[in-house]
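**Q** Below you'll find the structure I mean.
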Amino acid sequence: MIVCAGDIEQFSFATPIGIGMVNAATNLTRICIMNPPEFILFVGTAGSYGNSNIFDIVYSKSASNLEHAFFNKCGYTPIDNLIVADDIVTTKNSEVLNRAVESKSVSRETIVNSSNYITTSKDISSLAIKSGLGLENMEFFSVVSVAKEFNIPVGGVFIVTNYCDENAHRDFTTNLKEAIAKLEEHIKSRVLK
């Protein structure tokens, strides 16, 4: 099953699950209970902390939920806030997901960080890079968390629309239409072939 956030990020081949961590987790859980998919492939946009460029397409199976309090050293959490889905993916065989995650363009090292807030600070972006994070997407940690709970193979394909800096929203808005078209073309030619 291919899923996306929905709303302004829709794809002809993907089921929308909602924007943000709560909506994505709630709606994807409902899907997994009612009709468990063989695999979950999330497709969507992402902001770059600085190592990926605008319109780069990045694959990932690693998600985190590190909030700004972590970077500012003013908070703590008792939850597991990093999930690497390698163990989940190898437990089942899925032709589409395997084709996606075994692609030469897969970056198994890229950790996609999720929060309900978009980073607009170069200082936080620099700290994110030092912490090993590459991209920011609001839903991916929820998607990987739900997949882990149901033992479903999972991966993500992202296109960079913006850098996580003071121009994040402006650049996201400017680049969104072209990014959606490029990602849709990429998925159709490389994953759904």
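**Q** Do you know which residues across segment 53-72 are more than 14 Å from the chain's Cα centre (by Cα) and modelled with pLDDT of 95 or more?
**A** 53, 54, 55
**Q** Of all strands (runs of 3 or more DSSP E) completely enclosed by segment 103-193, which ones contain at least 2 residues that are of a type in the set (Ser, Thr, Tyr) and under 21 Å from residue 8 (Cβ atoms)?
**A** By residue number, 154-163.
**Q** So, one more: Being of a type in the set (S, T, N, Q) and touching a strand residue (DSSP E or B) at 6+ places or on another chain (Cβ under 7 Å) is true for just one of 167, 137. Which residue is that?
**A** 137
Yes/no matrix, rows are residues, columns are (1) in contact with a helix residue (DSSP H, G or I) (Cβ under 7 Å, 6 or more places away or on another chain); (2) closer than 29 Å to residue 129 by Cβ; (3) assigned to a strand (DSSP E or B):
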| residue | (1), (2), (3) |
| --- | --- |
| 51 | yes, yes, no |
| 59 | yes, yes, yes |
| 70 | no, yes, no |
| 78 | no, yes, no |
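**Q** While we're on this one: How many residues, within segment 130-145, are modelled with pLDDT under 95, surrounded by 14 or more Cβ atoms within 10 Å (Cβ to Cβ) and more than 15 Å from residue 62 (Cβ to Cβ)?
**A** Matching residues across segment 130-145 total 0.
**Q** Kindly indicate which of 111, 159, 124 is free of Cβ contacts under 8 Å to residues at least 60 places away in the same chain and touching a Leu at 6+ places or on another chain (Cβ under 9 Å).
**A** Residue meeting the stated conditions: 111.
The rows are residues; the columns are (1) at pLDDT 95 or above; (2) within 17 Å of the chain's Cα centre (by Cα); (3) surrounded by fewer than 20 Cβ atoms within 10 Å (Cβ to Cβ); (4) under 30 Å from residue 167 (Cβ atoms).
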{"residue": "41", "(1), (2), (3), (4)": "yes, yes, no, yes"}
{"residue": "74", "(1), (2), (3), (4)": "no, no, yes, yes"}
{"residue": "80", "(1), (2), (3), (4)": "no, no, yes, no"}
{"residue": "106", "(1), (2), (3), (4)": "no, yes, yes, yes"}
{"residue": "109", "(1), (2), (3), (4)": "no, yes, yes, yes"}
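Let's see how each residue does on (1) closer than 26 Å to residue 181 by Cβ; (2) among the hydrophobic types (A, V, I, L, M, F, W, C); (3) buried (at least 16 other Cβ atoms within 10 Å of the Cβ):
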| position | (1), (2), (3) |
| --- | --- |
| 8 | yes, yes, no |
| 11 | yes, yes, yes |
| 14 | yes, yes, yes |
| 19 | yes, yes, yes |
| 23 | yes, no, yes |
| 27 | yes, no, yes |
| 37 | yes, no, yes |
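The values are calculated or read from the model by the stated rules, or taken from the named source; none is laboratory data. Here the structure is a predicted model, which is why all the values come from computation and not from measurement. Virtual Cβ from ideal backbone geometry, glycine too; neighbours counted across all protein chains shown.
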